[in-house]
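Heads up, the thing below is written out as structure tokens.
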Amino acid sequence: MRSALPGKSISEVEVTNVSRHGFWLLIGERELFLPFEKFPWFRDVPIGQLLRVEQPHSAHLYWPDLDVDLAVESIEFPERFPLVSRARPNNALQRTRATRGGAAMNRRSRARR
């Protein structure tokens, strides 16, 4: 048995304003603010990618260009969702750079001092 393809969403979502502090989303008749401090993965993205937001259903938002999913509840009540994404350094990448001569060069420079 196969499910039918989903129909066109009747929910409307739109980015209405962007500032250096965050952006506003109009979801139905409500306007919600997403501060970059609480939603940092949106801070440095091109505006076109930020504006392309979908609402697969009333409680869920999706930015396909960014592969970001958010529950509307996490915007309305951020205190219930205290975890914030933090970029972590890629240790494997740092080791690779060090083996390309950077670490050896630094050792030689220190030895000359």
Open item on the list: Among Pro64, Leu32, Gly22, which residue has its Cα furthest toward the positive end of the charge dipole of segment 13-86, with +1 on Lys/Arg Cβ and -1 on Asp/Glu Cβ?
Closed with: Gly22
Task: Built amide H within the under 5 Å cut-off of His60, gap 5+ - done: Val72
Open item on the list: List residues of segment 46-77, by number, whose backbone nitrogen lies under 14 Å from a label position 7 Å along Cα→C-beta of Glu37.
Closed with: none
TODO: State whether segment 13-86 is rounded, prolate or oblate according to the following rule on the C-alpha gyration tensor (a ≥ b ≥ c being the square roots of its eigenvalues): a/c under 1.5 gives rounded; otherwise a/b larger than b/c gives prolate, and the remaining case gives oblate.
DONE: rounded
TODO: Return the long-range amide H neighbours of Gly22 (sequence gap of 5 or more, or a different chain), with a cut-off of under 5 Å between placed amide H atoms.
DONE: Phe36
Task: Charge dipole magnitude, Cβ of K and R +1, D and E -1 - segment 13-86, Cα centre, debye nearest 20 - done: 240
Open item on the list: Can you compute the modelled spin-label distance between Glu54 and His21, with each label point 7 Å from Cα toward Cβ, in nm?
Closed with: 3.2
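Any read-out appearing in this document is the output of simple, stated calculations on the displayed coordinates, not a laboratory observation. Keep in mind the model is a prediction, meaning the values are calculated, not measured. Using ideal geometry, Cβ is built from the backbone for each residue, glycine included, and neighbour counts are taken over all protein chains shown.
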